[in-house]
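Laboratory data are not the source of any read-out in this text; all were calculated from the coordinates shown. Every value quoted in this text rests on a predicted model; they were computed, and no experiment measured them. Here the Cβ positions follow ideal geometry from the backbone for every residue, glycine too, while neighbour counts run over all protein chains shown.
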Amino acid sequence: MKIPNRLRRLDFSSCPDQESIEKILLRARKNPVVYRAFEQHMLTCSHCQSVVKRLQAFYEILETEIAKPASPKVVRFAQSLKKRVKPE
């Protein structure tokens, strides 16, 4: 997945889409300059602040769900799916 050219050039005159925001946040350590530029934009942009809050809530829920042990029924279901998938 590529970050659009306008983001690589650090042009935040308009808001990036949600997918681009997520990529920026997930790649903050690899691309600190892009992250800092977006962070400056977000300080004054209520739309991007809202997107970041929703993403944060999603990842908190995901982390909580992943930490829960899987029931035997779910494990059996996953194993049955694995048998149906052809290896690449």
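Here the label points at residue 55 and residue 15, each 7 Å from Cα along the C-beta direction, are separated by 1.3 nm in the simple model. With only Cα atoms counted, the chain has Rg and Dmax values of 18.1, 50 Å. By the Cβ-Cβ criterion of under 4.7 Å, the unpaired cysteines of the chain are 15. For the stretch 5-84, the number of Lys pairs with C-alpha atoms closer than 27 Å, counting only pairs eight or more positions apart or on separate chains, is 8. By other beta-carbon atoms within 10 Å, ranking 61, 21 with the fewest at the front produces 61, 21. By the beta-carbon count within 10 Å of each Cβ, the least crowded to most crowded order of 54, 84, fewest first, is 84, 54.
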